[in-house]
Amino acid sequence: MAHNAPIIRPRVSSELDYECELALVIGTPGRHIARENAMGHVAGYSCFNDASVRDYQTSHSLPAGKNFFATGGFGPWLVSADEIPEPGRLSLRTVLNGVEVQHGNTADLIFDIPSIISYISGFTPLAAGDVISTGTPEGVGFLRKPPLWLKPGDVVEIEVEKIGTLRNPVIAEEDRHHEPA
């Protein structure tokens, strides 16, 4: 979803979670990219909210929980790679309804950015325009006691240092079916 566009909590679940992530946008295609050449394939960076439907991740599959309609926020713009020479040292922050719920740094990623690009290019070709989300800091809602789920009326802001703030309100999916007759 674009900046200021609503994230839709699906009607099949109330377990919608936020994940602040740095998004990499591929500029130069590649396959089997060596770690030492990986950064040359990046066109730029943006903010990404990898909003996840947690019960579908655990009861169905990780991809199912990550791919619901209108759950991923992206933007507000693309910052070119030359403007961020050290993407592995950026502050990440999530603010939910004015309260900070996540704070971390890309330096804390389990795998560094060149390794992520190299790994992914080993199992699929990367094309110009592909977006890779990198991982989220601690503080996600499902690990809190009690869990903190996104609900209609919430506003979630994803902040990435040197890029900006992605802001998305949360709304409920309509209860009408949109199935073919």
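The values are calculated or read from the model by the stated rules, or taken from the named source; none is laboratory data. Since we're looking at a predicted model, the values are computed, not measured. Note that we place each Cβ from the backbone using ideal geometry, even for glycine, and neighbour counts take in every protein chain shown. For the accessible areas, the whole protein counts, side chains as well, though only heavy atoms, and no ligand, DNA or RNA atoms are used. Shrake-Rupley method; radii C 1.70, N 1.55, O 1.52, S 1.80 Å.
On the stretch given as region 13-25, residues that are under 24 Å from Ala128 (Cα atoms) and either in a loop (DSSP other than H, G, I, E, B) or among the hydroxyl-bearing types (Ser, Thr, Tyr) (or both) total 0.
Just so you know, in region 26-38 the residues that are assigned to a loop (DSSP other than H, G, I, E, B) and either of a type outside the set (A, V, I, L, M) or more than 20 Å from Gly122 (Cβ to Cβ) (or both) include one that is least open to solvent (accessible area, probe 1.4 Å), and it is Gly27. Does Leu92 satisfy being closer than 22 Å to Ile26 by Cβ, open to solvent by 30 Å² or more (accessible area, probe 1.4 Å), in a strand (DSSP E or B) and of a type outside the set (Val, Ile, Thr)? Spelling it out, it is not the case that Leu92 is closer than 22 Å to Ile26 by Cβ, open to solvent by 30 Å² or more (accessible area, probe 1.4 Å), in a strand (DSSP E or B) and of a type outside the set (Val, Ile, Thr).
Within region 43-52, can you find the residues that are among the hydrophobic types (A, V, I, L, M, F, W, C) and either surrounded by fewer than 22 Cβ atoms within 10 Å (Cβ to Cβ) or in a helix (DSSP H, G or I) (or both)?
Just the residues of region 43-52 that are among the hydrophobic types (A, V, I, L, M, F, W, C), to begin with: 43, 47-48, 51.
Scanning region 43-52 gives a single hit, Ala43.
Among the residues of region 102-140 satisfying the criterion of being polar (S, T, N, Q), touching a strand residue (DSSP E or B) at 6+ places or on another chain (Cβ under 8 Å) and part of a loop (DSSP other than H, G, I, E, B), which is most open to solvent (accessible area, probe 1.4 Å)?
Thr136
If I go through region 1-25 residue by residue, how many of them are within 20 Å of Ser115 (Cα to Cα) and surrounded by fewer than 22 Cβ atoms within 10 Å (Cβ to Cβ)? Of the residues in that region, 1 qualify. Which residues, counting only those in region 69-89, are assigned to a strand (DSSP E or B) and touching a residue at least 60 places away in the same chain (Cβ under 8 Å)? Gly72, Gly73, Phe74, Gly75, Pro76, Trp77, Val79 - these are the residues of region 69-89 that are assigned to a strand (DSSP E or B) and touching a residue at least 60 places away in the same chain (Cβ under 8 Å). Scanning region 71-89 for residues that are among the small types (Gly, Ala, Ser) and surrounded by 16 or more Cβ atoms within 10 Å (Cβ to Cβ) yields Gly72, Gly73, Gly75, Ala81, Gly88.
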